[in-house]
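Since the structure comes first, as structure tokens, the remarks are kept for the end.
The values are calculated or read from the model by the stated rules, or taken from the named source; none is laboratory data. Keep in mind it's a predicted model, so treat the numbers as computed, not measured. Virtual Cβ from ideal backbone geometry, glycine too; neighbours counted across all protein chains shown. Accessible surface areas use protein heavy atoms only, side chains included; no ligands, DNA or RNA. Shrake-Rupley method; radii C 1.70, N 1.55, O 1.52, S 1.80 Å.
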Amino acid sequence: QECRHTPVCLLSEAVPISLLRHRRRSRGTLPPMSTMLALTYDETFSGEEVIGSWAGTVQSIKEFAGRSFFDRYELSTASTQAGGSDRDDDSQSRAAGSEDGAESPSKKGKNKQKVEGLKLSDNLKDKDLYKLLEVSEGCSDQELKKSYRNMVLQHHPDKKGADVTEADRLFFISIQEAYELLSDPARRKRYDSMQEFDDDIPTNFNKFRDDFYKEFTPVFERNARWSGRRPVPQLGTPETPIAEVKKFYNFWYEFENIRDPAANAEMDGQEFFDLEEAECREERRWMERENAKIARGYKKHESQRIASLVKLAEKFDPRMIAEKEAKQAAKDAQKAAAQAEREAAERAKREKAEAIAKAAAEKEAAEKEKKRKEKEAKDAARAATREARTKLRDLIKVPELAEAIHVAQFTEFVALLHTDECVRLREDTEAKLGKGGAVQVLHDALLAKGLTPIKPEPEEDVSTTTGQEEQEISEDETDEARAARLKREEEERIAEAKRKEEQAVIAAKKAAEKAAEKAKREAEAEKKRAKEAAKEAAAVKKAEERARKEAEKAAQKAEELRLKEEENKRKQQEAAKAAVEAKKQAADEERQAKIRVQELEWQSKIFEEQRTAYMDSITDEDMLASVKKAVEIPGVEGALAALKKLNPEEEEKISRCALILREAGAKEIDLAFPAPPQLTVATALRNKMKKLRLRVRKCIAGVLADSYTAAKKVHPTYKAIVEGSVEAASDWKAPPTPAEILVLDEPSAAVVEEEAAAPVAEVAAPKKGKKKAAPKAEEEDLDAILADMGLQTQADDKKKKKKAKK
């Protein structure tokens, strides 16, 4: 009794005595010697007993231990021996604790409340507890309590007295049990999640054919039962304010789903681990993690389903569509206004620049014209001056003046006079000609300029006088006198010649100086005129260059604007064409998707009808007979033997065996595989198929349990199946889809061509200053839709009339 929990070591003959040592882990010290027992292995041993600290083991005894083992075997044995009453009480208390969320201390002392399962009593099975208590599924706790009290007052057995029946008592008990279940939030949530529920959402909704409110209102009302927040807003009507509509969608986007994913998984046929079957705490925790993993998957799927419903409703909600269109129109108007403002600013800036350039060009042209006129005036003044001076100089050719005016001096004097002075002097001189005062007028003019008049000497008169005097003297004088006179005359002549030469030199020098000075003045004037002309030419050239640059800049800018407009026009045309192509492609893809959805719906319906009829007609005896008949076919037994020899995993082995039997002609074996993944099967049928699938696979496992004669070579028909190259799936083939069930909204060819040509025509002639708005992605042609329905609009009539006139 002292060593009840201590391992027992059996000793060999060499060590006849073993010591059972009890170590206390908390202190780590050895117990007293009184707790150390010597166990004799051989009763006939007569030697000396030895007490040691260790003995080697030869054989050990291992036994199962733990709470699960104790509950399953030892407690059940004890309960059976005691009449089973203790066991029932204990199991019922544990079940009640599990259902009511009994608290169990964890390793860290925290309590966790779990609802692992929900079992209904016989009174509540196949009954709607809400109808039983006469309340709606979405009722509050107060409404539930109030209805329960009223029903208790009506159906309590004491109220009926002696007329109460057993059925009345059972009904009252059902009311009590139903209220106990629904008043518990956790159990009510579990119960609600276990009921049949339509998860469908209107994915095939057509906004031109279907009524949005009739399609989506019942769907939202049906899913409102899973809301954790109350009250749940309604979808509303077309007159509902947009603020309430947005509030509705915000509520559903933040939907608090209380649907139990575990119950949803169970309804879908998903198997969970039973925590009561865990043999230890670690296994129980592992089971809890696996169950939670499955529940998380279903919870995620449920969240995605609700989100898809809300997105689909918001997409086709006429109120939200109108709101989006209004926002888009306001945005487009704002963009158009901003674009128009930018273009107006650019246009004003361009016009201002052009005006400045034009004014500058006009100013430069005016300055150029002014300078040209000034130059012409100067040239005319210079020409008039030259002409007046020339006419004045020509006066001294008159004999009256030529004898009294020195030519060189008068030429120098004329160069100092202005035009009006030349004209006035010439007129005064011409007025005095022949009257004896012309010479005096000229001399007065010379004196006024500070010049002393020089009288010219006539050479011809001197020579004549000298010859006469020489002739007179030669007649009267002697030779000596003549010689002296000749000498004197020679000297005078030489002196006169010298004086004339000096005067000529002086005159030439003065003339040269005057000519040089005049040349200098003319050079300076010419230089000044050239400088002014160069300056004027440079200014003109600069103005022309500036005007040319401004013109080139304006032309370049105009060319850039033109190229930009052409590029924008080209891009808009390409975008319009791309949009048309994309719209056509999207329409084709949408049409193909609709066709595929309708085909799958029809195929799913045919599959359900065929499988339902087939499952109702097949029995286990028919299935077993078909399997035995397939096994007798040549080659099947060898294939099964080869499959057992390969020995894959159990489920894989059953799947391959099912493929072999199905290939051999046992078509009923196809029930061992789930429905094709592309088909949508109702939950009830899927659960029924799963149960039947388990029965079929169990039958196949029984076939594999038999022994078969191995063949030298596997039949080619079954070789790929044995090797695992064939996919383990149902071979159900869908019949061809009838064309009459495909209802499509296909627009006519004329409407498609008109839609395709409309964007290109709009881009071909855009309005000035406005940018073409991008085509909207979701807009549909109402005329095309009405045309498909057989209706004709007034616009179509007008178009036909115009075409007829043309």
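For a paramagnetic label modelled on K327 (point 7 Å from Cα along Cα→Cβ), amide N atoms under 11 Å away are absent within region 271-314. Listed cross-link partners K628/K691; K432/K498; K119/K667 are compared with a 27 Å cut-off, the Cα-Cα value being larger for K432/K498; K119/K667. The stretch between N257 and K315 holds 18.7 nm of extra length on full extension. This uses 0.36 nm per residue minus the Cα-Cα distance. Accessible surface comparison of I175, I494, probe 1.4 Å, protein chains only, largest first: the order is I494, I175. Within region 148-240, the GluC sites (Glu not before Pro) that combine a DSSP coil assignment with at most 11 other C-beta atoms in a 10 angstrom radius are E196, E239.
Net length available on complete extension from A613 to K449 is 44.3 nm, with 0.36 nm assigned per residue and the Cα-Cα distance removed. Rolling a 1.4 Å probe across all protein chains gives C280 an accessible area of roughly 60 Å². Sequentially through region 410-422, phi angles give Karplus couplings (6.51, -1.76, 1.60; θ = phi - 60°) of 5, 5, 5, 5, 5, 5, 8, 8, 8, 5, 5, 5, 4 Hz, Gly and Pro residues having no value and appearing as x. With a ≥ b ≥ c taken as the square roots of the eigenvalues of the C-alpha gyration tensor of region 634-673, please select rounded if a/c is under 1.5 and otherwise prolate if a/b is larger than b/c or oblate if it is not? Oblate. Tell me whether region 240-340 comes out rounded, prolate or oblate; compute the Cα gyration tensor, take square roots of the eigenvalues as a ≥ b ≥ c, and use a/c under 1.5 as the rounded threshold. Verdict is prolate for region 240-340.
A probe of 1.4 angstrom, applied to the heavy atoms of all protein chains, finds V135 with accessible area near 30 square angstrom.
Of the residues F273, F251, ranked by 1.4 Å probe accessible area with the largest first, the sequence reads F273, F251. Region 403-456 and region 288-361 have their alpha-carbon centroids 100 Å apart.
Computed from phi, the 3J(HN,Hα) profile of region 374-385 under the Karplus parametrisation 6.51, -1.76, 1.60 (θ = phi - 60°) reads 4, 5, 4, 5, 4, 4, 5, 5, 5, 5, 5, 5 Hz, with x in place of Gly and Pro. Extension gain for L694-K246 works out to 156.4 nm (0.36 nm per residue, less the C-alpha to C-alpha distance).
Largest to smallest in accessible area, the residues E545, E302, E513 fall in the order E513, E545, E302 (1.4 Å probe, all protein chains included). Computed from label points 7 Å out along Cα-Cβ, the spacing between T717 and R347 is 8.6 nm.
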